[in-house]
């Protein structure tokens, strides 16, 4: 009897946790994936990233993820005809990340390393850009990525 009661309590708790997790995740949120290559002075590095092409996807970004693969990340693409400034926050994100702002020709305009998690402080590009790339914290340093390096693929570079 005691074991059955424990099992019932455990089942109710599990249902409550699953229900809460489902409410936190937007229904039907999915991302296209795209291969990109980062071209630096030290070499070429291939990634497969999730691509955010609308405001909902960009706002959702890396929230609710438990890891960022070393060769993965989130590419946020602006859907405007002309480059503009881009703002990124880590509000609700539990993973530290590196951030790169990218011009329409694929040139990395700015790099920001190990941005703090769960912050509403905006990271705003200092120049007009066409996108941003969020990768695991330490990637910029590990690959020696600098402003002026290139991103190829997903509509960038040539």
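Within the range 23-44, no residue that is under 18 Å from residue 157 (Cβ atoms) sits with its Cβ atom under 8 Å from a residue that is surrounded by 11 or more Cβ atoms within 10 Å (Cβ to Cβ) and at pLDDT below 70 at 6+ positions apart or across chains. What residue, among those in the range 61-70 that are surrounded by 15 or more Cβ atoms within 10 Å (Cβ to Cβ) and within 20 Å of residue 45 (Cβ to Cβ), is modelled with the lowest pLDDT? For the range 61-70, the residue satisfying everything is 62. Looking across the range 54-73, the residues that are touching a residue at least 40 places away in the same chain (Cβ under 8 Å) and within 15 Å of residue 99 (Cβ to Cβ) come down to 61, 62, 68, 72, 73.
Residue pairs whose Cβ atoms lie under 7 Å apart, sitting 6 or more positions apart in sequence or on different chains, and linking a residue in the range 131-158 that is assigned to a helix (DSSP H, G or I) to a partner that is surrounded by 21 or more Cβ atoms within 10 Å (Cβ to Cβ) and modelled with pLDDT under 95, are 139/98; 140/98. Against the list (1) touching a strand residue (DSSP E or B) at 6+ places or on another chain (Cβ under 8 Å); (2) at pLDDT 70 or above; (3) not in a helix (DSSP H, G or I), the condition residue 58 fails is (3). Filtered by the rule that a residue be surrounded by fewer than 18 Cβ atoms within 10 Å (Cβ to Cβ) and modelled with pLDDT under 90, the range 95-113 gives 95, 96.
Would a scan of the range 71-84 turn up a residue that is surrounded by 14 or more Cβ atoms within 10 Å (Cβ to Cβ), modelled with pLDDT under 95, under 19 Å from residue 30 (Cβ atoms) and touching a helix residue (DSSP H, G or I) at 6+ places or on another chain (Cβ under 8 Å)? Checking the range 71-84: at least one residue is surrounded by 14 or more Cβ atoms within 10 Å (Cβ to Cβ), modelled with pLDDT under 95, under 19 Å from residue 30 (Cβ atoms) and touching a helix residue (DSSP H, G or I) at 6+ places or on another chain (Cβ under 8 Å). Going through (1) modelled with pLDDT under 70; (2) under 24 Å from residue 121 (Cα atoms); (3) surrounded by fewer than 17 Cβ atoms within 10 Å (Cβ to Cβ) one by one, residue 90 falls short only on (3).
Please go through the range 96-119 and pick out each residue that is assigned to a loop (DSSP other than H, G, I, E, B) and in contact (Cβ under 8 Å) with a residue 40 or more places away in the chain.
First, the residues of the range 96-119 that are assigned to a loop (DSSP other than H, G, I, E, B): 96, 103-106, 116-119.
Matches in the range 96-119: 96, 104, 105, 106.
For the range 143-158, what are the residues that are on the phi < 0 side of the Ramachandran plot and modelled with pLDDT of 95 or more? Residues satisfying the conditions are 143, 145, 146, 147, 149, 150, 151, 152.
Do we have residue 52 as at pLDDT 80 or above and buried (at least 17 other Cβ atoms within 10 Å of the Cβ) here? Lay out the reasoning, then the answer.
Values: at pLDDT 80 or above: yes; buried (at least 17 other Cβ atoms within 10 Å of the Cβ): yes.
So residue 52 passes the test.
Residues in the range 19-33: is at least one closer than 23 Å to residue 110 by Cβ, at pLDDT 80 or above and out of contact with any helix residue (DSSP H, G or I) (no Cβ under 6 Å at 6 or more places or on another chain)? No, there is no match, as no residue in the range 19-33 is closer than 23 Å to residue 110 by Cβ, at pLDDT 80 or above and out of contact with any helix residue (DSSP H, G or I) (no Cβ under 6 Å at 6 or more places or on another chain).
The values are calculated or read from the model by the stated rules, or taken from the named source; none is laboratory data. Keep in mind that what you see is a predicted model, and the values were worked out from it rather than measured. When we count neighbours, we look across all protein chains shown, and the Cβ atoms used for this are built from the backbone with ideal geometry, even at glycine.
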